[in-house]
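Taken together, the values in this text are just the output of simple stated rules run on the coordinates, not laboratory data. Note that the coordinates shown come from a computational prediction; the quantities given were computed from them, not determined experimentally. Here Cβ is always computed from backbone atoms with ideal geometry, including for glycine, and neighbour counts include all displayed protein chains.
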Amino acid sequence: MVPPFEENGGHHGVSAALEFAVCHLGVEHIIVLGHSQCGGINALMKGSCGCKGGGFISRWMSIAIPARERVLAELPDKGPELQQRAAEQAAIILSLENLLSFPWIDERVSRGELTLHGWYFDLAAGELLDYAPEQGRFEVLR
């Protein structure tokens, strides 16, 4: 999960790691990797993240609330397993979108100096899928 770009006074561990990797190490690829049967997404879909009264997990998983809402709006009549898989993949797409909210990532992507990848590992099938934005879907990575 990648949070959106923020400049408030909080501790931003993921943002600091991204800044170091992109601005100082000059990485050329960032991979957002999600997986099937994700406990965090399962809890998010059920509305039961973290300890009673919230906590770190609830706040962290709140990053994916837009993915959950999108899935519930687009697939309201589908079963919970299909909705969870869709939410797992939607969270990856959301993280890719959030990466582009960092100005120095967006600049490097625009210049072709940095490539973002969204990967989804299907544990049951043993397959790694790659998000193909042109097709709007995840495809088996070969």
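Some observations on this one:
- Taking θ as phi - 60° and the Karplus parameters 6.51, -1.76 and 1.60, the scalar couplings of the range 104-114 work out to 6, 7, 4, 4, 5, 5, 4, 7, x, 8, 9 Hz in sequence order, x denoting glycine and proline.
- Ranked by the mean number of other Cβ atoms within 10 Å per residue, highest first, peptides 103-115, 123-135 order as 103-115, 123-135.
- Computed across the range 31-142, the Kirkwood radius stands at 14.9 Å (inverse of mean 1/r, all Cα pairs).
- A simple charge model with +1 on the Cβ of Lys and Arg, -1 on the Cβ of Asp and Glu and nothing else charged puts the dipole of the chain at about 500 debye relative to its Cα centre.
- Taking amide H positions as modeled 1.01 Å from N, with prolines and chain starts lacking one, the residues under 5 Å from Phe5 and 5 or more places away or on another chain are Ser101, Phe102.
- If you take all other residues with their beta carbon under 13 Å from the beta carbon of Ala124, and give Lys and Arg +1 and Asp and Glu -1, the sum is -3.
- With K and R counted +1 and D and E -1, the other residues having a Cβ less than 14 Å from that of Leu33 yield a net charge of -4.
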